[in-house]
Amino acid sequence: MKTPSFFKTRFFSLFINACLCIPYLAQTQTEPLQLKYLGTAGWKITDGKIIVLVDPYISRVKLGTGPGISPDDDRKTVLRSDYFVSDTVGIDSLITRADFILVHHSHFDHLSDVPYIAKKTGAKVIGTETTCNILRAYGIPNDQLYPVKGGEDYQFENFSVRVVPSIHSALNKKHYIDNRVYSEVPKAPLRVSDFIEGGSLMFLARFDNHKVLTMGSMNFVERELFGLEPDILLAGVNQSQLGLYKYNERLLAGTNYPKVIIPSHWDNFRLPYGFSQQAAVELKLIPFKEDVKKLSPETKVIIPTHLGTITVN
């Protein structure tokens with residue numbers, strides 16, 4: 001028969017062990033995932049261990065073609081025939097470090113700031129052959145570049161990424177297609193119009209406790225989505241998906257109804273930070289959110305704001 005002193009000793013031992021474990025458990029708990037919206041399809045994602053940038057376009061030039069030019073915007077107008085010049089002051093104010101840069105395709109509103117950011121941070125860049133050749137033109141060394149086609153699945157320290165084949169938005173009333181690529185290094189600097197698509201990708205970025213599926217436009221290859229099962233989807237949302245067959249239904253079903261959806265590439269990227277995007281929110285995001293609520297009531301749609309950070313525990 002065990003004596004009372006035995007139980008006292010046993011209880012004391014368990015109590016001491018529990019106390020010793022508390023600091024260890026606190027150290028092993030992972031940080032929440034933080035997603036900062038840079039506008040357009042741009043994101044800064046961190047789990048406290050690494051920083052991943054997605055299509056970081058910060059310059060937001062006043063493009064002289066297309067809708068949305070505000071009379072209150074006194075910046076110099078840039079034409080598609082003009083050489084692109086990054087807003088290095090704006091970039092420096094927002095980007096101090098990056099470990100990886102994921103580039104969906106090579107249009108200027110996705111890639112044009114990446115040469116400066118890659119050179120500044122030394123980040124590894126994952127993108128198409130066209131993306132990598134444009135970066136080579138700007139002097140980014142090969143050891144920073146990971147040219148991919150789609151289907152690759154890479155493991156890095158504290159991070160893995162699956163490259164998902166995709167297609168561009170159905171623009172120009174579904175008459176748009178651009179098969180051009182840079183199979184050789186072009187001559188820098190490039191004009192705005194020289195930033196060709198060069199093929200499109202999606203990325204499944206895996207962090208410790210989250211799988212984030214990123215989109216760079218309003219289209220996808222449906223069969224490539226099955227089995228990915230992200231818990232966070234950065235969904236391409238704009239007007240161009242309206243001409244596609246059951247876009248929202250197929251996107252949600254293909255990704256197995258993610259817990260969190262954050263719309264991406266919905267804003268008017270011809271306007272600088274600080275200008276109202278309310279018109280875009282009401283026209284594009286509110287209807288999308290309402291539709292998702294009908295299709296997947298358990299899914300939470302979070303509407304991002306420029307340079308705002310969304311924390312997902």
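Looking across region 288-306, just one residue is without any contact (Cβ under 8 Å) to a residue 40 or more places away in the chain and either within 25 Å of His110 (Cβ to Cβ) or surrounded by 17 or more Cβ atoms within 10 Å (Cβ to Cβ) (or both), and that is Lys289.
Condition first: in contact with a helix residue (DSSP H, G or I) (Cβ under 6 Å, 6 or more places away or on another chain) and either crowded, with 22+ Cβ neighbours inside 10 Å or over 18 Å from Ser296 (Cα atoms) (or both). Can you find one or more residues in region 244-255 that meet it? No, region 244-255 has no match at all.
Out of curiosity, is Ile101 assigned to a strand (DSSP E or B), touching a Phe, Trp or Tyr at 6+ places or on another chain (Cβ under 6 Å), of a type in the set (Val, Ile, Thr) and surrounded by 15 or more Cβ atoms within 10 Å (Cβ to Cβ)?
No; evaluated as a whole, the condition is false for this residue.
Within region 138-152, residues that are surrounded by 11 or more Cβ atoms within 10 Å (Cβ to Cβ) sit with their Cβ atoms under 6 Å from residues that are in a loop (DSSP other than H, G, I, E, B) and among the hydrophobic types (A, V, I, L, M, F, W, C), at 6+ positions apart or across chains, in these pairs: Tyr138/Ala188. The criterion of at least 2 residues that are touching a residue at least 24 places away in the same chain (Cβ under 8 Å), within 30 Å of Ala137 (Cα to Cα) and not small (Gly, Ala, Ser) is met by the following strands (runs of 3 or more DSSP E) wholly inside region 186-287: 200-206, 211-214. Restricting attention to region 51-94, the residues that are of a type in the set (A, V, I, L, M, F, W, C), modelled with pLDDT of 95 or more, surrounded by fewer than 21 Cβ atoms within 10 Å (Cβ to Cβ) and assigned to a loop (DSSP other than H, G, I, E, B) total 2.
The values are calculated or read from the model by the stated rules, or taken from the named source; none is laboratory data. Given the structure is predicted, the values throughout are model-derived calculations rather than measurements. With ideal geometry, Cβ positions are generated from the backbone for all residues, glycine too; neighbour counts draw on all protein chains shown.
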